[in-house]
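Enquirer: Here's a structure for you.
The values are calculated or read from the model by the stated rules, or taken from the named source; none is laboratory data. All figures in this text were calculated on a predicted structure; none of them were measured in a lab. Positions of Cβ are backbone-derived with ideal geometry, glycine not excepted, and every protein chain shown enters the neighbour counts. Side chains are part of the model used for accessible areas, which takes the heavy atoms of the whole protein and leaves out ligands, DNA and RNA. Shrake-Rupley method; radii C 1.70, N 1.55, O 1.52, S 1.80 Å.
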Amino acid sequence: MSAFSPITVSGVLLAGGQSRRMGGQDKGLLPYQGRSMASHVISAILPQVDDFYISANQHIEEYRSFSYPVITDGLDNFQGPLAGILAVMEQIDSDYLLTVPCDNPVISPQLRQRLLEALLTTGSDIAVAHDGTRLQPVFSLIPRRLQSSLTDFLASGQRKTRDWLFQHKVVEVDFSDQADCFININTADDLQKKPKICSAIPVLGFAAFSGTGKTTLLTKLIPALKNKDIHVAVIKHAHHNFDIDKPGKDSYQIREAGAEEIIIASAKMMALMRKHHDELIEPELQPLIQRLDTSNIDLILVEGFKHEIFPKIELNRAELGPPTLFKEDPHIIAIASDKNDSHADMPLVLDINNIPAMVEFIEQFIFSWNS
């Protein structure tokens, strides 16, 4: 690699284990929040890598259905993640291999960026994620030049991932601000749990019943936040069929002809339209956040998605009766209302008509998220 060559990174989904704690079921193929865990991981990691592989030793055809190369490690008795890593290293031409497990459906959108930056700035051999409590050795960025070292390690009969990693200079990369991105699913009970939203950018939702005025409030808040130099992205959930295109337009005709995805771009705007063939699967917030270009964003505001786990403000108006959502959702951090009717069991009550006070609350929220 010359000084002017771009650094290339291959990704690998590690799915070669026996899943003993899951009763021998292949964890990567188990359904989680409407689709397989492997599907969640692949969607999250693909934007971060130059090419992608799956390390698996069973259910090969099922993993091939994801349309990425499936590589077996060629060793008997499930020798562990290092065997899968070596098998993939032997197949790639990239400078580095980014490893992720199949049982962690929420992946940090900054995984590659942070690991690579730490590797280059410290001159280390390997970068490994640390969630603030424990090291996460299967979330690693490993140079292909260490292939012979890994070969020798496995040939000696050793198998422990940490033992091999720390034969080299390792930098532990702090992801304590995104600890919810490391939520290994190991039991059947874990499959039923909804994950917290993982984002380096503060995410704040507005939860309310229909007709409460979520959009009206947002149209007032966004300019006020912009005046404070807070750049905002908005994700909105639609509970009905919608279309941003119009019949008769060229893009509409192309989509109706059968195009699965269309990007429309001009000097001022870009829009991506993708068809969902299964209308029964509700959109999830985490993949939508990962689609945002957050390089110039300070805050993500969310309208809807009230059943997902992330901080929210409940909106309430006097004509609708007392606020109720906070009683079932511990992640509601405040109530914005047009009446001052606070009680000891309620979160902080904000005046929904006092935009400067709401902006001040949001500024404090951003500060606490980033501190």
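Enquirer: For an R0 of 45 angstrom, estimate the FRET efficiency from the Cβ-Cβ distance between Arg145 and Gln364 and round to the nearest 0.05. Provide the component values of the computation, followed by the final result.
Expert: On the way: r = 47 Å, r/R0 = 1.05.
Efficiency computed from Cβ-Cβ geometry: 0.45.
Enquirer: Taking only the alpha carbons of segment 51-181, what extent do you get along each of the three principal axes, in Å, biggest first?
Expert: In descending order, the Cα extents are 37, 33, 27 Å.
Enquirer: Cβ neighbours within 10 Å, averaged per peptide: list 140-149, 361-370 in order, most packed at the top.
Expert: Answer by packing, highest mean first, reads 140-149, 361-370.
Enquirer: Taking the Cα centre of segment 121-170 as origin and charging only Cβ (+1 Lys, Arg; -1 Asp, Glu), how large is the dipole, in debye to the nearest 20?
Expert: Working: 7 positive and 4 negative charges, 9 e Å.
So the magnitude is around 40 debye.
Enquirer: For the residue pair Ile222 and Ser266, what label-to-label distance in nm results when each label sits 7 Å from Cα along the Cα-to-beta-carbon direction?
Expert: For the pair Ile222/Ser266, the computed spacing is 1.7 nm.
Enquirer: Between Ser371 and Lys327, what is the FRET efficiency for a Förster distance of 41 Å, r being their Cβ-Cβ separation, to the nearest 0.05? Kindly include the intermediate steps, with their values, before the conclusion.
Expert: Details: r = 29 Å, r/R0 = 0.71.
Approximately 0.90, to the nearest 0.05.
Enquirer: Using θ = phi - 60° and the Karplus relation 6.51 cos²θ - 1.76 cosθ + 1.60, list the HN-Hα couplings for segment 288-295 in order, rounded to whole Hz, with x at every Gly or Pro.
Expert: Values, residue by residue: 5, 4, 5, 7, 6, 8, 8, 4 Hz.
Enquirer: So, one more: Please give the Cα centre distance for segment 312-371 versus segment 289-306, rounded to the nearest Å.
Expert: Value for the Cα centre distance between the two parts: 20 Å.
Enquirer: While we're looking at this one, here's another question. Mind checking which lysines have their C-alpha under 16 Å from Lys196, skipping anything on the same chain fewer than 8 residues away?
Expert: Straight-line reach from Lys196, under 16 Å: Lys306, Lys312.
Enquirer: Could I ask something else about it? What's the carbon and sulfur percent of segment 95-164's accessible surface, probe 1.4 angstrom, rounded to a whole number?
Expert: Numbers: 1210 of 2680 Å².
Using a 1.4 Å probe with all protein chains present, segment 95-164 comes out at 45 percent carbon and sulfur.
Enquirer: Let me ask something else. How do the peptides 263-270, 130-137 rank, highest first, by the average count of neighbouring beta carbon atoms within 10 Å per residue?
Expert: Answer by packing, highest mean first, reads 130-137, 263-270.
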